[in-house]
Amino acid sequence: MNFTQRSSVLTKTYLLTTLLIASSNSYWLSNVASAESPPPPTTNSLHQQVSGLYQQLANAANYFEQSTQQLCQSPSTAKLATAQRHWRQLMNSWMAAEVINFGPVQQDNMAWRFQFWPDKKNLIKRKVEGFLTAHPQPKTITPTAIKESSVLVQGLSAGEYLLFDPQLTSNQQVTQSLQHCQMLTSISANLLANSKLLEQRWQVETITTKQSTEDNISQLLNGIATLIERSHKKLVMPLGKQKANPYFAESWRSQHSIENIKSNLVSIEQLYQVQLKPLLLKKDQGQVLAQQIDQQFSLTFKQLDQFKQPLFMLLKQQQLNLPTQLAKDLKQLQQLLGQQLPDKLGVIISFNANDGD
C-alpha cells in the first residue's frame, strides 16, 4: 500500500473517530451549532468527549490484538499487512487520546506503557532484543512477562519495531520466528488490557470526581498546550539545526510520522470546538481570536495535505521545505492555543511536555 492509499485509509479512520466522538456528544454539538450564545461546556460534556476517545482506543486495541493472534496462528504476508494496518489505526487512536494528559492516564506510567518517544539512542531496539535474549523460550513470553518488564517493550513503539523494522521485515522475523511472534501477541494483549483499564478508570472518575468547570478547562488547556508543543517537536527534532536526521522522527519505522501529527491535531481541534470555543466567543473580542484559530487550523491541515511522501523519506533526501513550513504552522498554532487562548479565557496554565529526554 503506497503513501497515498494509506492516507485514504487513515482519513476514513479520522472520520470514524469523529463520528464516534460526535455521537457521544450530539446534545452538546447541537447546542453549540444552534445557540446564538453557546453555553459553556460542563464537566459532563468533557467526560463524554474523552470517553469517546478512550472507547475508540479500546476498539482499535481489540482489532490489533486479534490481527496479531491471527498472524501468529497462521503466518502469511496478507496477515502481516493486516496486523500492520491495525497497528497504524491503534497508533492513530492513541495520538488522538494523547491530548488527555490528566486523570487515570497519569497513573502507573500509563502513557509510557502505550508509547515511548523520542528515542534518540535507539533504546527500543536494544530493549526488545534484550528481552528476546532473556526469554529464549517462546512459552516464557507472556503478557504478564511483558507487563513486568520495562515500559519500552510494552507498547506501540516495541510493536512497531517487530512489525516494521527494515532488518526484521527483510528476514521475515515476525512470520518465521515463534519467539518474535509471541512477543508481538503479548504486546498487543498488554495494549488491549491497558486501553480497557484506561477506559474503565475514566468512567469511575466521571462518577467520583466532582471538579469545577474551571478546573476541567485548565486541565484541557494544559493538555492542548503540551501536545501542540510535542507535535512541534516531532518536526524540529528530526529537522535538526544543521542537517536532518530521519531516525529521530516519531514512528519512522512505519513511516507514519505525518499521520501521527494529523491525529494529534484532529483531536485537539475537536476538543477546542466543543469545549473551548463556546467560552471564547463570550469574551470581549473573542470572535477575533476564534477566527484566527480557525484559520490557523485550516492552514495547518492544508499543509499536512501537501505531504505526498512520508516524512522519513523527505528527511532522508534532505527535502526540508514542507516539514519546515509545517513546523512554522504548528508554532503559530501553539502560540494561539497555548498563550493567547488561555490569556483570553483568564486561565493560567503551566504545561510540561514530558517527552522522554
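Computed from the coordinates by the stated procedures, all read-outs in this text should not be read as laboratory data. In this text, all values refer to a predicted model and were calculated from it rather than measured experimentally. For neighbour counting, all protein chains shown are included, and Cβ atoms are generated from backbone atoms with ideal geometry for every residue, glycine included.
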Gap separating the Cα centres of the range 54-104 and the range 256-334, nearest whole Å: 25
Once you place label points 7 Å from the Cα toward the Cβ at LYS308 and GLN340, how far apart are they in nm? 3.3
Taking a cut-off of 15 Å between Cα atoms, list the aspartates and glutamates near LYS127, but don't count ones fewer than 8 places away on the same chain. ASP119, GLU148, GLU160, ASP165
Excluding residues on the same chain fewer than 8 positions from LYS234, give the lysines whose Cα lies under 19 Å from its Cα. LYS120, LYS121, LYS243, LYS262, LYS302, LYS308, LYS316, LYS328, LYS331
Within a Cβ distance under 9 Å of PHE248, other residues only, what is the Lys/Arg minus Asp/Glu net charge? -1
Would you kindly state how much longer the chain becomes between ASN245 and GLN179 on full extension, computed as 0.36 nm times their sequence separation minus their alpha carbon distance, in nm to one decimal? 20.6 nm
Using 1/(1 + (r/R0)^6) with R0 = 35 angstrom and r between the beta carbons of THR140 and VAL204, what's the FRET efficiency to the nearest 0.05? 0.55
Would you order SER93, SER45, SER149, SER186 from fewest to most other beta-carbon atoms within 10 Å of each residue's own beta-carbon? SER149, SER45, SER186, SER93
